Amino acid sequence: MGSPFYSFLKQNNIVCLKIFLILLIMGCIPDRTTNLCSDQLIAKPATPTHLNVTSSLETLSLDGYFSFNNNNHAAKDFGNTYQSLPLAVLYPKSVSDISSTVKLIFNMGSASELTVAARGHGHSLQGQAQAHRGVVINMESLKGSQMQVHTGERPYVDVSGGELWINILHETLKLGFAPKSWTDYLHLTVGGTLSYAGISGQAFRHGPQINNVYRLQVVTGKGEVITCSKSKNPDLFYGVLGGLGQFGIITQARISLEPAPKMVKWIRVLYLDFSSFSKDQEYLIASENSFEYIEGFVILNRTGLLNNWRSSFNPKDPMQASQFNSDGKTLYCLEMAKYFNPDVTNVIDQITESLLLKLHYIPSTLFMSEVSFVEFLDRVHLSELKLRAKGLWEVPHPWMNLLIPKNRIHEFADEVFGNILTNNINGPILMYPVNKTKWNNNTSLVTPDEDVFYLVALLSSAVPSSKGTDGLEYILTQNKRILEYSARADLGIKQYLPHYRTQGEWRAHFGPRWKAFARRKSSYDPLAILAPGQMMFKKGIPIL
């Protein structure tokens, strides 16, 4: 039997059609949908308004082109939990293609619902690079311009905002250089990571990637092409870095370089107690002469751990390692890397040995490996290939990344790893400290109010259709419990790769820095055209 609302629709379809058109014009139709209703979204026919907009876009003189059909790939991302179909996808071949498109939409005014999202390699987690009934810009299409590597006292490389970091690594290594700071996964675009921060195990020494940029070229929400740096248009420069795509689309970046090593001594050790694990990490990041890379992992109730490592790591003492039993214990893994060139191997061995002697790990769990610099930096890609081969890559990834003050990290660890998470989360748990003194406070990135804070990254993969502990709903519930506990205990955490659904939540995230963030939005994207997937500002609603 049909619902009363359905009966009303059948009897009053003319009235309802009028109401629908009014809502559409006012921009009140919801602009986001989950994958549960994506089929309905994709099947929705174009309205006359869309046809008019399509005609306007088609009149643009471009070096690249628009695609108006078969754009389902732009309606999803790595998170695989949100789907929003765009009206069109722009494949730009020049910066002017992007500028002309944004300028056209800006000139349409707030009466048009059209918005713009820049999409890199599609590794957003919650639809941040999607634009429901808007224009998605495929930034990788822009990367055709040749990278320019400049050596000297202040080496750097000029790259397209759509270039992948793995390509930058290979190109700069030809001249013996490489960027200083990385993400764990290199198959991401420059514009994408610089819009957040770009964090990995080098951040304690060099800061995140946004701290290692000399200059940017940006297309604002007005369609203006602006070059900016810390001395030229600094407000836009610092605003865009970590700005979540809200103030402009990064079309070019000048990245700082340093001489690159050829080899890496890659080390892993285990701890049974969190106190020793965190104390050693904090000691290493505070030491002037330390490793070049430091990260930590939490390992919950996982068996056969050391046996899995033996494929790529060698135990320092094979006999002792074979007797170690990890079953049923919460373990903490410290991962370190020392860069070197083959002609100084003996010296590096001595330095490494000296550093390890000052740590308090379980002696039988010292595992080492020597690999090339490229192999170490591109290590996650090998895991990707294995997962793709098993059909386990394109699954929901309900990841959660938190920045936690050092003085509250023990409370967090006790509650989260002692009570909330009791089993392996079907993915790695990263946990390592960084020095805030290495981070530039002028950027848009928000961090905890303490000199040292930890990144805790819960990188779960959900098994499709599962209703168990590896299912999407269960993982999301766990994430919610962790956030609720952190808020209740007032730990002072901040989300990295943040995702909120209301402006009130965004205001709380930015705290006293919200006023400056909103001012920049009003200056550089006054109609709220850019990055609608962040759900921070709504087109046509005044920016407050």
- Query: At a Förster radius of 25 Å, what calculated FRET efficiency corresponds to the Cβ-Cβ distance of SER383 and PHE324, to the nearest 0.05?
  - Reply: 0.60
- Cα extents of segment 341-496 along the principal axes, largest first, in whole Å, come to 53, 43, 37
- Tell me the label-point distance for the pair LYS174, LEU476, using the 7 Å Cα-to-Cβ offset, in nm and rounded to one decimal. 4.6
- Assuming R0 = 35 Å, what is the FRET efficiency of SER55 and LYS538, from their Cβ-Cβ distance, to the nearest 0.05? 0.85
- Message: Full-extension gain between SER94 and ALA111, please, as 0.36 nm times their residue separation minus the C-alpha to C-alpha distance.
- Response: 3.3 nm
- Nitroxide proxy distance, nm - points 7 Å out along Cα→Cβ at ASN69 and LYS262: 5.5
- Query: For segment 357-413, what does the alpha-carbon gyration tensor say about shape, rounded, prolate or oblate, given a ≥ b ≥ c as the root eigenvalues, a/c under 1.5 as rounded, and a/b over b/c as prolate?
  - Reply: oblate
- May I ask you to list the residues of segment 245-287 whose amide nitrogen lies under 15 Å from a point 7 Å from Cα along the Cα→beta-carbon direction of LYS358? 279-287
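Suppose R0 equals 35 Å. What FRET efficiency, 1/(1 + (r/R0)^6) with r the Cβ-Cβ distance, do ASN346 and ASN423 give to the nearest 0.05?
Efficiency computed from Cβ-Cβ geometry: 0.20.
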- Ranked order, TRP266, TRP165, TRP399 - accessible area, probe 1.4 Å, largest first: TRP399, TRP266, TRP165
- Item | Pair SER523, LYS316: separation of 7 Å Cα→Cβ label points (nm) | 5.2
- Loop-resident sites, segment 139-208, for trypsin sites (Lys or Arg not before Pro), counting at most 10 other Cβ within 10 Å (DSSP): LYS174
- Item | Overall Cα dimensions of segment 65-127 - principal axes, largest extent first, Å | 33, 28, 20
- Item | Additional length obtainable on full extension of the chain from TYR485 to TRP393, 0.36 nm per residue less Cα span | 30.1 nm
- How would ARG513, ARG481, ARG154, ARG268 rank on accessible area, largest to smallest, probe 1.4 Å? ARG154, ARG481, ARG513, ARG268
- Message: Test of understanding: what is the full-extension gain from LEU272 to ASP451, defined as 0.36 nm times their sequence separation minus their Cα-Cα distance?
- Response: 61.8 nm
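The values are calculated or read from the model by the stated rules, or taken from the named source; none is laboratory data. The structure displayed is predicted, hence computed values, not measured ones. Methodologically, a virtual Cβ is constructed for each residue, glycine included, from the backbone with ideal geometry; neighbour enumeration extends over all protein chains shown. Side chains are part of the model used for accessible areas, which takes the heavy atoms of the whole protein and leaves out ligands, DNA and RNA. Shrake-Rupley method; radii C 1.70, N 1.55, O 1.52, S 1.80 Å.
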